[in-house]
Amino acid sequence: MALPWAAELAPHPDQKRLFELRQLLQKAAHAYYVLDAPIMADETYDQLYRELLDLEQQYPEWITPDSPTQRVGGSPSQAFPSMTHPTPLYSLDNAFTWGDLQAWQDRWQKWWSAELPPDLYICELKIDGLALNLFYEQGVLVWGATRGDGVTGENITANVRTIRSIPLRLQTDHPPAQVEIRGEAFLPQPVFAQLNREREQQGEVPFANPRNAAAGTLRQLDPRLVAQRRLDFFAYGVGIGGQGASQQEMLECLARWGFRTNPHSRVCGDLQAVQEYYKIWSERRQALPYGTDGVVVKLNSLAMQAALGFTQKAPRWAIAWKFPAETGVATIVGVTVQVGRTGTLTPVAELTPVRLAGTRVTRATLHHAQRIQELDIHLGDRVVVRKAGDIIPEVVQVLRELRPPDAVAYRLPSHCPACGEPVVAGGDEAATRCVNRRCPGIVREQINHWASRDALDIRGLGGKVAQQLVDLGWVQTVADLYDLTQARLQSLERWGAKSAANLIQAIDRSRQQPWPRVLYGLGIRHVGSGTATRLTQHFPSVQALQQAQVADLCAIAGIGAEIAQAVQAWFADAENQALLQRLEQAGLSLSCAPATPKGALAGKMVVLTGRLPHFTRAQAKAMIERAGGRVGASVTQRTDYVVVGEEAGAKLEKARALGIPTLNEAELVALVGEG
């Protein structure tokens, strides 16, 4: 790598030494944390680190973001701001059986008619951690964010910088101008075990599993605490800025850039070879020093990946083949029925304790009445329990031969356990529902949802507080929250002036939340936070959404008939209309600025490929959006233009195949009218 002062006649000796120290320490850290092959003793590293620290304290103007001293530092953050990913992070569809995998192959082959390459698939272990997106400019780490909903995540850059296996600067003389690195942050099993021992010694509750510990660690506000947890990272993909013709070459490129990649990936020519790989690691995975819950199967060719593209939620060219869930045997000692915010009754089996995937399980879902009937559940049954997706415990089998003679068959109650009203079963769903709008169980869960982080984000409201307000009859709809006063709350037992004031302030702050969050908080069936955002982009006011027809709603990408009918039915209901009026009177925002595209690219979809001579990817995207256009991640029949730069790849080939107009940088600038 050329020294930055190579053209200077007399570089400052301290500056030269400072640069040499950084280079040496970065090389040593990569060898230790990524290659597991130390090149110097710990004492030597510490001595050089202290020398670098002293120089940077003497010359603070020479401190750079990629310096090893900048991995941990600064004051604790007060919050994690949102970060929009340059390209979406899609989730993966799951396969649980050999038949599921064959069906996936049949699906993608319907989209592909060309000859298949011999190195068709690549298999990678699915690491059980937290997905991260890392953004580098000119080879230097600029920010790191959680996956979030795939479009927007949380900016946790300070915490990401503490992970030693993530390079602060790419190890290459010719880094891409911008590149997104995707990977999985995880807590190694030995570190997890030690962390839990320390927590138990300090009287703290141990973490349930390494995945929860990793997720909780990365959301710590103090990066110094994150550094103590010793998280690790495997890189497995690239958003913008990738290099290579195949996934295998991309992994090799990531390793050259200084990332740790999982060493157990394998190229497979067909599904039989994939099956062999799966069988090997389903048996060997317990010996690994980190958690893995399946195998990710991808088409190896990046050109094939680009051509096949994505569904609304997942790539067509990849699937996660999950390992069989760990199971255990327990006894059902009772059944508790939970009432959800839409009135759905969910039966939960109370169990004798059993350990699954490193956690102590005492409750497991029975899903619904139909499932109870299929399993023939009796109180006192010995049952097989597993963690669905290694997360949610569920009962999957009854050991009837071990059933006690006095066991009593269980049936869901005919009346709601929260309000005593008759429940409604049947219809097109397996669910049993309470339809009493004033049911305290429904109201409590509606409040919890309204106050949740992705909705109105009312800190201090939920759980016991929501239950108390409902039991008192003070809150029967979420609109009643805005009638509460500090004096009234303060009159309650165990409520002081400070706690009452804090909750009232949190409720008042929620009046400032934008229309998409309010819509999500209303708890309309099938409307998650992402769907709420899409709806408000097309219907920027509550009046516009109330007037929307099913056909209008279905015209939005990602909105199907089921969602559209649920939305229309909710807004047509008189009580819901009265609720919206009260929320508007309370100062809640039920509209947002309409997104009216103006300019030469108004309503046009534009895709960027290759490196532009004078603009970064972010600058080009901003220019297109100023002209009213939208920037897409992949080329489809809906793409209006493809802007082509140097080293353009498969997107250019697909644009030509589909007959989509292409523009170079100069033509784009001329079209939008910017100099």
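The values are calculated or read from the model by the stated rules, or taken from the named source; none is laboratory data. This is a predicted model, so every value here is computed, not measured. For neighbour counting, all protein chains shown are included, and Cβ atoms are generated from backbone atoms with ideal geometry for every residue, glycine included. For accessibility, only protein heavy atoms count, side chains too; no ligands or nucleic acids. Shrake-Rupley method; radii C 1.70, N 1.55, O 1.52, S 1.80 Å.
Projecting the Cα positions of Gly560, Leu519, Leu608 onto the charge dipole of the chain (unit charges on Cβ atoms of Lys, Arg, Asp and Glu, taken about the Cα centre) puts Leu519 furthest along the positive direction.
For Lys16, a cut-off of 25 angstrom between C-alpha atoms picks up these lysines, skipping any fewer than 8 places away in its own chain: Lys27. Taking every DSSP helix (H) stretch of at least 4 residues in the chain, weighting each as -39,500 (n - 2.57) and dividing the sum by the residue count yields a mean residue ellipticity at 222 nm of -10500 deg cm²/dmol.
Could you give the length gained by full extension between Val140 and Glu646, i.e. 0.36 nm per residue of separation minus their alpha carbon distance, to one decimal place? Intermediate results must be reported in sequence, preceding the final value.
Details: separation 506, 0.36 × 506 = 182.16 nm, distance 2.14 nm.
Length gained, Val140 through Glu646: 180.0 nm.
Relative to the dominant Cα principal axis of the chain, helix 247-256 is inclined by about 60°. Here the extension length gained between Arg453 and Ser91 equals 128.2 nm, from 0.36 nm per residue of separation less the Cα-Cα distance.
Taken one residue at a time, the phi angles of the stretch 619-630 give Karplus couplings (6.51, -1.76, 1.60, θ = phi - 60°) of 5, 5, 4, 5, 5, 5, 5, 5, 8, x, x, 10 Hz. Gly and Pro are set to x. What does the charge count around Gly629 come to, taking other residues whose C-beta lies under 10 Å from its C-beta (Lys +1, Arg +1, Asp -1, Glu -1)? Once all neighbours under 10 Å are counted, the net charge is +2.
Around Gln171, with a cut-off of 15 angstrom between Cβ atoms, what is the net charge of the other residues, counting Lys and Arg +1 and Asp and Glu -1? Walk me through the numbers on the way to the answer.
Details: positive: Arg22, Lys27, Arg164, Arg169, Arg256, Arg260; negative: Asp66, Asp173, Glu252.
Summing Lys and Arg as +1 and Asp and Glu as -1 gives +3.
Spin-label pair Arg403-Arg360: with each label point 7 Å from Cα along the Cα-Cβ axis, the two points sit 3.1 nm from one another.
Once the piece of chain linking Leu288 and Glu421 is laid out straight, how much longer is it, given 0.36 nm per residue of separation minus the C-alpha distance between them?
Extending this stretch completely gives an extra 42.7 nm.
Taking every protein chain into account, the accessible area of the chain amounts to 49 square angstrom per residue (probe 1.4 Å). With r as the distance between the Cβ atoms of Arg626 and Ala245 and R0 = 25 Å, compute the FRET efficiency 1/(1 + (r/R0)^6) and round to 0.05. Here the calculated transfer efficiency is 0.15. With every protein chain in place and a 1.4 angstrom probe, the accessible-area ranking of Ser82, Ser591, largest first, reads Ser82, Ser591. Solvent-accessible surface of protein heavy atoms, probed at 1.4 angstrom with all chains present, puts Arg582, Arg147 in the order Arg582, Arg147, largest first.
Among the listed values (1) 50, 28, 22; (2) 46, 37, 25; (3) 44, 33, 30, the one computed from these coordinates for semi-axes √(5λ) of the Cα gyration tensor in Å is (3). Each of Arg107 and Arg437 was given a label point 7 Å from its Cα along the Cα-to-Cβ line. The distance between the two points is 3.9 nm. Given the C-alpha centroids of the stretch 615-637 and the stretch 134-199, what is the distance between them in whole angstrom? Computed from Cα coordinates, the inter-centre distance equals 26 Å. Our coupling estimate for the stretch 448-463, obtained by passing each phi through the Karplus curve with A = 6.51, B = -1.76, C = 1.60 and θ = phi - 60°, is 4, 5, 4, 8, 5, 4, 7, 9, 7, 6, 9, 5, x, 10, x, x Hz, Gly and Pro reported as x.
Among Lys387/Lys464; Lys126/Lys298; Lys298/Lys322; Lys110/Lys651, which pairs are too far apart, with a Cα-Cα distance over 18 Å? Could you put the intermediate results ahead of the total?
Details: Lys387/Lys464 27 Å; Lys126/Lys298 12 Å; Lys298/Lys322 14 Å; Lys110/Lys651 20 Å.
Violating the 18 Å limit, Cα to Cα: Lys387/Lys464; Lys110/Lys651.
Report in % the part of the accessible area of the chain that belongs to carbon and sulfur, leaving out ligands and nucleic acids; probe 1.4 Å.
Details: 16420 of 33140 Å².
Carbon plus sulfur share of accessible area: 50 percent.
Computed with every protein chain present, the accessible area of Trp321 is close to 10 Å² [probe 1.4 Å]. Sorting Glu562, Glu575 by solvent-accessible area of protein heavy atoms yields Glu562, Glu575, largest first, with a 1.4 Å probe. Excluding Asp640 itself, calculate the net charge of residues whose Cβ lies under 13 Å from the Cβ of Asp640, where each Lys or Arg counts +1 and each Asp or Glu counts -1. Its environment carries a net charge of +3.
Count the DSSP beta bridges whose two residues both fall in the chain, then state the antiparallel fraction as a percent rounded to the nearest 5.
Numbers: 74 of 86 bridges.
Just about 85 percent of them are antiparallel.
Each label was represented as a point 7 Å from its Cα along the Cα-to-Cβ direction; for Ile392 and Arg411 these points are 2.6 nm apart. With +1 on the Cβ of every Lys and Arg and -1 on the Cβ of every Asp and Glu, and nothing else charged, how large is the dipole of the chain about its Cα centre, in debye rounded to the nearest 20? Computed about the Cα centre, the dipole is about 900 debye. Among the DSSP beta bridges whose two residues both lie in the stretch 553-675, what percent are antiparallel, rounded to the nearest 5? In the stretch 553-675, approximately 10 percent of DSSP beta bridges are antiparallel ones.
With every protein chain left in place and a probe of 1.4 Å, what is the accessible surface of His526, to the nearest 10 Å²? Per-residue accessible area (His526): approximately 80 Å².
With a Förster radius of 35 Å applied to the C-beta separation of Ala273 and Glu326, the computed FRET efficiency comes to 0.85. Measure nothing but the geometry: give the 0 to 90° angle between the long axis through the Cα atoms of 189-201 and the longest principal axis through the Cα atoms of the chain, rounded to 10°. Roughly 60 degrees between the two axes. Centroid-to-centroid, using Cα positions, the stretch 238-297 and the stretch 448-470 are 42 Å apart.
Solvent-accessible area of Thr662, all protein chains in place: 60 Å² (probe radius 1.4 Å, heavy atoms, ligands and nucleic acids excluded).
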